[in-house]
Amino acid sequence: MAKSIFLIKSINSSFELKCLEVLIKSYSNSKKLNKVNSSWEEKTFSSHLVSLMKNCEIALKYDLIITKEEELEDNEIDNGLKSSKEANPIDIRFHNIWQKIRLDYSIEAKNISSSEWEKTNGNKVNASQQQTEYITKGIDRFLTGHFKDKNGCMLGYIVNGKLEDLLSKINTKIVLQKCNSEKIDFTQLLINNHKIYESFHPHRNLKHLFFDYSN
């Protein structure tokens, strides 16, 4: 039994790296295409990336199924104990089957800004609120919320400011809400020269990717 658990963990870890590599390659392609606008909504960024990921060579090689806004499994909804209106979608999700074992990897994405700014349509962006929601509607969903039993990571779309400043501000909020040891930090993991950040929590570790779409 212990060997089987170790094997499954190893397969999930390998699957995670493939998913992250596909994600990062598609981000690189999106930068080359130069169609992205920092005023886009979070769902638009995710939809754009998913369209590119579906044609990524690695995704095709390993028959990865990639979806957007997919509703997560919920036994209460399946058995009529909760309304389907309470379903919780995940922004981006990867699927694969390995020797009859279903592999899933879920990505929760958030737009994040360093300071207040105005979109092209005149709408003002509350940077502090975005930073807070990266924690309360992102990280916390993997720790105690709907995604707590799911393999996955956080993805931040930087639409204003610089990553270093954003991390400082988000980490300040993390320290206030949680503790100093749960801050987001770079832990030497690189995929295609893209830094993978991580935060360490009492019951799990969580990876963080940041894509710069600021104009």
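Overview of values
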{"quantity": "Of all residues making up the stretch 176-206, the number that are in contact with an Asp or Glu (Cβ under 8 Å, 6 or more places away or on another chain), under 16 Å from GLY138 (Cα atoms) and surrounded by fewer than 19 Cβ atoms within 10 Å (Cβ to Cβ)", "calculated": "4"}
{"quantity": "Check on LYS162, at pLDDT 95 or above and open to solvent by 30 Å² or more (accessible area, probe 1.4 Å)", "calculated": "yes"}
{"quantity": "Count of the stretch 86-111 residues which are closer than 18 Å to LYS207 by Cβ and either without any contact (Cβ under 8 Å) to a residue 60 or more places away in the chain or acidic (Asp, Glu) (or both)", "calculated": "5"}
{"quantity": "Helices (runs of 4 or more DSSP H) completely within the stretch 37-98 that count 1 or more residues being under 16 Å from TYR157 (Cα atoms) and at pLDDT 90 or above", "calculated": "42-53"}
{"quantity": "Residues (touching a residue at least 40 places away in the same chain (Cβ under 8 Å), open to solvent by less than 20 Å² (accessible area, probe 1.4 Å) and touching a strand residue (DSSP E or B) at 6+ places or on another chain (Cβ under 8 Å)) located in the stretch 128-159", "calculated": "GLN131, ILE139, PHE142, PHE147, GLY152, CYS153, MET154, LEU155, GLY156, TYR157, ILE158, VAL159"}
{"quantity": "ASN151 within 13 Å of the chain's Cα centre (by Cα) and either of a type in the set (Phe, Trp, Tyr) or on the phi < 0 side of the Ramachandran plot (or both)", "calculated": "yes"}
{"quantity": "Pairs where the first residue, in the stretch 171-195, is farther than 24 Å from SER113 by Cβ and the second is open to solvent by 80 Å² or more (accessible area, probe 1.4 Å), C-beta under 8 Å, 6+ apart", "calculated": "SER181/PHE200; LEU189/LYS195"}
{"quantity": "Every pair of residues 6+ apart whose Cβ atoms lie under 8 Å, when the first sits in the stretch 3-21 and is surrounded by 13 or more Cβ atoms within 10 Å (Cβ to Cβ) while the second is outside any helix (DSSP H, G or I) and hydroxyl-bearing (Ser, Thr, Tyr)", "calculated": "PHE15/TYR105; GLU16/TYR105; LYS18/TYR62; CYS19/TYR105"}
{"quantity": "Candidate set from the stretch 29-71 (those that are touching a residue at least 60 places away in the same chain (Cβ under 8 Å) and surrounded by fewer than 15 Cβ atoms within 10 Å (Cβ to Cβ)); member that is farthest from the chain's Cα centre (by Cα)", "calculated": "ASN37"}
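The values are calculated or read from the model by the stated rules, or taken from the named source; none is laboratory data. Keep in mind that this is a model prediction, so the values were computed, not measured. Neighbour counts run over all protein chains shown; Cβ positions are idealised from the backbone, glycine included. SASA here: full protein model, heavy atoms, side chains in, ligands and nucleic acids out. Shrake-Rupley method; radii C 1.70, N 1.55, O 1.52, S 1.80 Å.
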